[in-house]
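Below: the structure, in structure tokens.
The values are calculated or read from the model by the stated rules, or taken from the named source; none is laboratory data. Bear in mind the structure is a predicted one, so any value in this text is a computation, not a measurement. Here Cβ is always computed from backbone atoms with ideal geometry, including for glycine, and neighbour counts include all displayed protein chains. Just so you know, the surface numbers come from the protein's heavy atoms only, side chains and all, with ligands and any DNA or RNA stripped out. Shrake-Rupley method; radii C 1.70, N 1.55, O 1.52, S 1.80 Å.
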Amino acid sequence: MAVLLITNSQLAAKNYLLNERVEQGTAQLLKGDPEETTEIINGLGFSKIFTSGCLSFDSEESKKIDDELKQKLMNDFERSLFGDFDRSRISGYWVEHTDKKNEKTGEPRLELNFVFANVDLETGKNLPVYYHKNDLGRINDFKDLTNEKIGVPKSY
């Protein structure tokens, strides 16, 4: 598994994640409300208004991940980012993509894409979801632990 985090990208996150791939059957909403989150993001005046990224699995790893494990991975990743912070104070959503293929085998890869508004919904204050300098180690620990759970050998 690889983890990619992007903050404040100028891409229209919802349009990228939930585009024609939904009709093609290679994208589906797994968790959250994209309309609500997008509306919240569009109303923010912070310099970094959202954080997006994905948990990416190669085709062999993807075969090991069923719907129950996807939910667990998303919940565990959120816990890595937010700790015990009250989830009702956070707006975000997750979208599964399976349109990318392994170049050698042609088999689909799994991507669990996420978008979180960088705001505490209760106070309206800036809530940076990911600060690279402080959070990289914790996210790498999440990745290593997850890879171990699904049987991916460590690479150094």
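Data overview
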| item | result |
| --- | --- |
| Selection from segment 87-107 of residues that are over 20 Å from Leu29 (Cα atoms) and free of Cβ contacts under 8 Å to residues at least 24 places away in the same chain | Glu103, Lys104, Gly106 |
| Helices (runs of 4 or more DSSP H) (entirely within segment 1-116) containing at least 3 residues that are open to solvent by 70 Å² or more (accessible area, probe 1.4 Å) and over 20 Å from Leu127 (Cα atoms) | 20-24, 67-82 |
| Filtered residues of segment 108-127 (kept if free of Cβ contacts under 8 Å to residues at least 60 places away in the same chain and more than 15 Å from Glu60 (Cβ to Cβ)) | Asp120, Glu122, Thr123, Gly124, Lys125, Leu127 |
| Considering residues of segment 66-83 that are under 11 Å from Leu112 (Cα atoms) and among the aliphatic types (A, V, I, L, M) only, the residue farthest from the chain's Cα centre (by Cα) | Leu73 |
| Residues of segment 1-18 that turn out to be over 13 Å from the mean Cα position of the chain (by Cα) and modelled with pLDDT under 90, as a count | 7 |
| Residues located in segment 128-156, provided they are assigned to a loop (DSSP other than H, G, I, E, B) and in contact (Cβ under 8 Å) with a residue 40 or more places away in the chain | Pro128, Val129, Tyr130, Ile150, Gly151, Val152 |
